[in-house]
Amino acid sequence: MAARIILFTGKGGVGKTSVAAASARRAAREGRRTLVVSTDAAHSLGDVLGVAIGDEVTAVGDGLDALQIDGRAELTRHWGAVRTWATRSLVARGVDRVSADELTVPPGLEELLSLLRLVELQRRGDHDVIVVDCAPSGETLRLLSFPDIAHWWLQRIAPREDELLGAARPIARALLGIGLPEGDVTAEIHRLMESLLAIRALLVDHERVSVRLVATADQVVIEETRRTFTALALYGVATDAVVINRLFPDDVGAYFAAWRERQQARMAEIGDAFAPLPILRAPYFDHEVVGADALDRLGAALYPQAPVSDRLYVGAAREFTVDGDRAELRIAVPFADREDVRLRRSGAELIVDVAGRRRTVLLPAAVADYRPSAATVDGGVLRITLQAPAPTDSR
Ligand SMILES: Nc1ncnc2c1ncn2[C@@H]1O[C@H](COP(=O)(O)OP(=O)(O)O)[C@@H](O)[C@H]1O
Ligand SMILES: [Mg+2]
């Protein structure tokens, strides 16, 4: 059986590393051979577990291994030849070496190459569950469009490469005084492109991979988390739960009472924004979440019932497809009929009332001004067609 992969992502500081480490310890206690991996350059996983970890899989407990992926090392492993060549070319054109070094690494590539290690680890089959402590949401997401670029490259450019580069080579050499990439560089680009497609294929495999969004009940955090949820739906990656961390307990005292009330009020809104996903909750502890005991307390709070490695929501809670001036949004609405559905737009938000329950959907930026033009309900899925506004005549 290939491993289940559970990725934890969210805004910086919300508790991703704590929640990932707590989930991994709990999965191990549930008898699953578990590996917890950090791809975040912040390197705090080892500190939280209270064990030194590094770039090799290390046993850190009963049935629990840990790994801190070193993005820099992965970069050298997969992108070294391209980088050397590209840096040399830029320096030859008068770019200083430090800037050239920066320019030859596309943003997010390090993190992406870290995910590539996941493909290898999953194929190796040593673990039942791989829990991943990801980089903050923005960075992680930027990566998901890379494989699309890879796809485009392989289909459109790669077959014609010899023709294109063959024609350009003498001109480039004459004009720029540099050569076009030699065999090892193009081979490395191809290998990477293929690896990116493998990551993509893995990430959209709903049976294997689930994302859990970690957030706190603060407005700015929720807004970012909703953007992430929408982006994941757009890329076809399944989110199976939302974690709301650091909720003030009932006996928080007078000083934090107003905070607690605000958090409580926001929970309804959070439910609407992520329905029908389950919301896992964790209290604000009166101590840092470091070490085995603290992690196990957090794990027990997060998973009162279901085992960590279960798919906590089966199906696609939200899916988007965008095709030119038409987009389709699919929302899971178990047990609803078309007559039960009311739609309303409010800014970039689509408000969907289904049989007395509200779902609020943040539209992807690219279609934020599209208007709903049709809606159908079939087999528990509400399909909403969105249409681009009619182009205004500029003549
Ligand atoms: N439920 C909680 N109660 C109290 N402190 C928490 C809780 N969750 C996380 N923390 C603390 O908050 C800080 C940030 O958590 P961390 O997991 O490192 O966040 P991230 O990985 O998202 O940056 C850490 O000091 C951690 O111990
Ligand atoms: Mg962290």
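Read-outs: derived from the displayed coordinates by stated rules, not from any lab. All of these numbers come straight from a predicted model, not from anything done at the bench. When we count neighbours, we look across all protein chains shown, and the Cβ atoms used for this are built from the backbone with ideal geometry, even at glycine.
Nearest 500 deg cm²/dmol is fine: what mean residue ellipticity at 222 nm does the chain get from its DSSP H runs of n ≥ 4 alone, each adding -39,500 (n - 2.57), divided by its residue count?
Numbers: 12 runs with 160 residues, N = 395.
Taken over the chain, the calculation gives -13000 deg cm²/dmol.
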- request: For residue 374 paired with residue 326, estimate the spin-label separation in nm (one decimal), with each label point 7 Å from Cα along the Cα-to-Cβ line.
  value: 0.7
message: Suppose a student asked you for the relative contact order of the chain, using Cα pairs under 8 Å spaced at least 6 residues apart; what percent would you report?
response: 18
statement: The local net charge around residue 91, scoring Lys/Arg +1 and Asp/Glu -1 for residues other than residue 91 whose Cβ lies under 10 Å from its Cβ, equals +1
query: Between residue 262 and residue 51, what is the label-to-label distance in nm when each label sits 7 Å out along the Cα-to-Cβ direction?
result: 3.9
- request: Please compute the net charge surrounding residue 245, taking Lys and Arg as +1 and Asp and Glu as -1 over other residues with Cβ under 12 Å from its Cβ.
  value: +4
task: Count the DSSP beta bridges whose two residues both fall in the chain, then state the antiparallel fraction as a percent rounded to the nearest 5.
output: 55
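Return a whole-number percent for the relative contact order of the range 248-395, with Cα pairs under 8 Å and 6 or more residues apart as the contact set.
Values: 182 pairs, mean separation 27.4, N = 148.
Value for the range 248-395: 19 percent.
Using 0.36 nm times the number of residues separating residue 358 and residue 59, minus their current alpha carbon distance, what extension gain do you get?
On the way: separation 299, 0.36 × 299 = 107.64 nm, distance 4.55 nm.
Answer, rounded to one decimal: 103.1 nm.
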field: Distant-in-sequence amide H partners of residue 132 (H built 1.01 Å from N, under 5 Å)
entry: 6, 7, 8, 37
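Tally Lys/Arg at +1 and Asp/Glu at -1 over every other residue whose Cβ is under 12 Å from the Cβ of residue 314; what's the total?
Values: positive: 311; negative: 207, 240, 310.
That works out to -2.
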- prompt: Which of the helices in the chain meet the span-like rule: DSSP H, Cα axial reach of 18 Å or more, Kyte-Doolittle mean at least 0.5?
  reply: 183-203
message: What's the ranking of 298-307, 3-12 by average number of surrounding C-beta atoms within 10 Å, highest first?
response: 3-12, 298-307
- prompt: Which residues' amide hydrogens lie under 5 Å from the amide hydrogen of residue 217, considering only partners 5 or more residues apart or on another chain, with H built in the peptide plane?
  reply: 245
Mean Cβ count within 10 Å, highest first, over the residues of peptides 380-390, 337-347, 273-283: 273-283, 380-390, 337-347
- request: Search the structure for amide H atoms under 5 Å from the amide H of residue 280, placed 1.01 Å from N in the peptide plane, and list their residues when 5 or more places away or on another chain.
  value: 242, 243, 244
